[in-house]
Each structure stands twice: as structure tokens, then as C-alpha cells.
Amino acid sequence: MMDDFAGHYGFSDDSFGEEDETLLNEDSVQPLVVPVQYDSSEDDEHEDDCEEDDEQSWDEDVIPYDRFVFAEESGPDDSAQNCTRPIDCYQLFLTSELLDLMVTETNRYAKEKMVVRNKDLTDTTVEEMKRFLGICLYMGIVELPSMRDYWSTKPIFGCSVATKIMARNRFEVLLSCLHFVDNENADKESRLYKIQPVLDLLNTSFQRMYKPEKEICIDETMVPFKGRIVFKQFNKSKSHKYGVKLFRLCFKGAYTLKVKVYAGKDSIRTGSVADAVVMELMKGYLDQGRDLCTDSWYTSLSLANSLLARKTNLIGIIRKCRKGIPLAVKNRPLKKGDIHFQQNNEGFCFWRDKREIYMPSTRHDGSCGVNEKPKVVDDYNKMKGFVDHSDQMASYTPFVRKTAKWYIRLFFHLLTQTALVNAWMLYNQNSRMKFNDFKIAVAEILMDLDGKNSTGHGKKRKLIEIPEADSNGRRKCKSCYSKMVNDFKRQYARVHAKKVKTQCSICHGFYCLQCFQDVHKSCGST
């Protein structure tokens, strides 16, 4: 089966599996990403590239040049420079518009869901949604065997912060009802309609908050997911072998500018998948004299020419089978350390270290850099590290929980990993903080641990347990009782109202945790 796959993509026996990521560590070889459910759209990634070479005019007299002048402004937006706290940077991406979308659609979906189950559900609010997201960040920082352990009373788990912020049942309801689109009015022809509003808002914020420098990079990331979905991918080299593939545009400092989700075959697309991905991600950054770095999945001489026409240089690594590679390069025997360079519109470097490496560049000549490597190799390694650095930071303390909903998994990756790394990068423009400390600071504010979002006045209100109250001395929850009296009359409330032994530390009214939070700890006024 592997031989058939190699033949399909035109690999020779000695070139199959030679992935460009090994330039940083040449001793390792990375396998290709293969769709779990084979999609014919992958067939035409570069469907005409694995053919005989065209007759082209290649010259060994290389002229060094950088034909484009980059004169664009770069750096963080003014609103990002004015941020003084970690939460300020994070809220550049967790915007009020995004929170309103989450609250509105979660409430809408919850009503639809609970009507079917003949249940009632209190609407969530922006403040409660922030606390919910804060708990999710906290769960990534403090890892326990299962989600319910965060509300466990067993001493081995300590006193979890989550128990003081939100009732377990309420958290589970919000997680199960979390939604981002009106199902009735959504464009269901798009496979991504359940996550597209979030993706659009985040991409807009990512690009608005930072104008990139000259050098940028495109690469892919795997979001772990094992559920059923037609565009699920498989990569046996990853720790999470199954998942959803993301294409990302990044630049120096681990900042992600734009994200595109691979959703399988696109019936509207013309040309190769790789070329379409590159040109879509580069919208807004073409015709500016930039340098773009791509790996062998994207790189082709046709892409280089397309980018040249839009005043953009391409620096990449290319497979030996690609169409247009000079025969003099393919057939030239080299010893370790030898370099051969030819040039027409594209410069083409052929270098042998522990293996043969083919690199087209529309900016470089054949000069050498550090450790006698071609300068194009050094620049490629540096630019390729933009995405690798972002992946590394996002992999620390992720919120990963089993879910059958792919869009929920993708949402948490985008908001609690990608957006958080971007916010951390912006914060470190003027200050220095470790990523984990930054994440803790954001989680603490979202969970409102200091009570600043409480509507109570004077002394901070707390929900305390009355130690002398035994099981026979429990009292009815004040809020639950009032609601049931209004809805079902007093006789029903006397029997069914929740009984508790916890009360407000100021007004001494008895409340369950959820009701105490719903009135924002201001129970003395109810």
C-alpha cells in the first residue's frame, strides 16, 4: 500500500519520506500527512509536477539580487502597545463581539436542546462565560484524571478552585450547550459553518493587532480529534495521530496571523490544493516585497512564478520529482558539503549534507552562511521556526478533553492555545513573563478570584458552610425556593426546593452555590 502511495505522488525509492522539517535536525525523517478518508482533492496537490522537465534557460552564472523593496509598516497595533496586564492583551482576541456571539448562540442552542428534554435552563451571561473560560484555562494548568475530579471533595485532589467559581453541573451544561451559530439560518453548504463565525472574528483580530515584518511562513498544525468527521487527517509521526489539519500563516515571535481549516475537497477551487492554500493565506500580504517560506508540500516552481508576479519572494524546499527542476541539478553527483546553484527567474540551490536537498529561492544566490551551509538553508531554518515555535508554546498546558464535537475541540485550540500565544507575544513586546505565568494571570482574572466583578459592596461576600448544621438541619435555598413559589406555588416549593447548609457570609441567607453566583453574591438585596 505504501509503495502505491509513493508511486501515486511520484516519489522515487530514495526520496520517499524526505520531509523538509529535517533541515533543523537532519538525523530525523518526517512522514507525510495522509487523509484517514482518502480525498481526491489531494490527488491534484501538484498534479502536473511529477513529470519530465520543461526546456528552460538556466544559467550557472548567478547574479545576487533582492528585486523587491519592503517598505510596509510593521509592529503591534496601538491598542496592543497600551496593554499593561496579561488580561488586557488576551481580551484583544477574546473581544466583546466574540463573547456576545458565544452567549447568544449558547443560550439559543440551550433552549432548543432543553425543550426537547423538557427541562428549563437559566440563560448564561458574559460574566459567567468568562468564568467558564477561566476554568477551562485552569484545567489546562492543573491536570487531573477526569473533569469531575475538579469538583471532588476527596482530600487527595485538594481544594479545587473550580468549586468556588461554578457548580459542576452548571459547567457541564455550559460545555454541552456551547455554540457559535444559529443552526436554522446557517449556511450548511460549508462544512465549517459551526466554527466559521469564531474563525472569522479571530482571524480579523489576529491581523489587526500586529503588522508582520518582511519574513513570514506557512505551515500546518494538527488539532487532536478522534471523532467522526469527513476531513479528519492521520499522521503517524505525531503524538496525536488523528485530527483536524490547520494551515497557518506565522511570523517571527510565534505570532499567528491567519488560520485556515482544511475541510476536504473544494468543488469551486481551480489548480492545486497547495497553491490555493498559499494564495488564500497570503491575501493582504502580497505586492509588498515580502519573503515567504514554505515546505515541500506547498513548494513548486509554478508557485514561485505566481508569487513573483505579486512581488513576493518564495524560499522553500522542493521534492526532486517536481516539474521544472533543471536536469543539470538532478543529474549532478555531489559529495557531502558540495553546493550547486543555477538561476533563471528562480534561483535553484542543490546541496548535499547527509542527504540531497533541493531548494528554490527567488531571493538568494549561492553564497554560504554559518557552518558552510548555503545562506538559503540558514534563512529557511530561521523562517520555518516561526510556526514550530508557535506550536511549541501552544502545546504547553492545553485544555484537551474528550468530545464528539469537532468544532468544540477546534474552538478551544484556537482560543486557549493560538490566541493565548498571540496575546503572550504581544505582552512581551514591552514586558517579560513566562508563558505559564501569563496563562495563570489570565485565568485568575477570568475566574474573578479577587471578586472585582462582584456586585456586593464593602466586605467581600463568600459562601460559607455552617459546621454545626447536620444533615437534619439543612435549610431551603432562598433563591430556589422563591423561583419555585413563583412557578409552581408554595406547597410544591416546600417539598422540592434544594436544601443546603451554606450561607452568605454577610447577610447569612442560605443559598446553593449556583444561586449564590447567579445573584452575583449580592444576596442581601434579594
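The values are calculated or read from the model by the stated rules, or taken from the named source; none is laboratory data. Model, not experiment: these values are computed from the prediction. Positions of Cβ are backbone-derived with ideal geometry, glycine not excepted, and every protein chain shown enters the neighbour counts.
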Looking at THR153, THR204, THR163, which is the one that is of a type outside the set (D, E, K, R), modelled with pLDDT of 90 or more and surrounded by fewer than 20 Cβ atoms within 10 Å (Cβ to Cβ)? THR204
Starting from residues that are modelled with pLDDT under 80 and of a type in the set (Asp, Glu), keep the ones in the range 357-387 and report whichever is surrounded by the most Cβ atoms within 10 Å (Cβ to Cβ). ASP365
Among the residues listed as ASP120, ASP88, the single one being assigned to a loop (DSSP other than H, G, I, E, B) and either surrounded by fewer than 14 Cβ atoms within 10 Å (Cβ to Cβ) or at pLDDT 90 or above (or both): ASP120
If I ask for residues that are of a type in the set (Lys, Arg) and either touching a residue at least 60 places away in the same chain (Cβ under 8 Å) or within 16 Å of LEU199 (Cβ to Cβ) (or both), which ones from the range 403-435 would you list? LYS405, ARG409
Scan the range 185-192 and give yes if some residue there is modelled with pLDDT of 90 or more and under 24 Å from the mean Cα position of the chain (by Cα), otherwise no. yes
Exactly one of LEU175, LEU192 is aliphatic (A, V, I, L, M) and not assigned by TED's automatic domain parsing to the domain that holds LEU101, and that one is LEU192
Go through the residues of the range 91-100 one by one and say whether even a single one is more than 22 Å from THR418 (Cα to Cα) and in a helix (DSSP H, G or I). no
Considering only residues that are under 48 Å from the mean Cα position of the chain (by Cα) and loosely packed, with under 10 Cβ neighbours inside 10 Å, look in the range 462-478 and name the one that is modelled with the lowest pLDDT. SER471
Those residues of the range 388-406 that are at pLDDT 80 or above and either of a type in the set (D, E, K, R) or touching a His at 6+ places or on another chain (Cβ under 9 Å) (or both) come to a total of 1
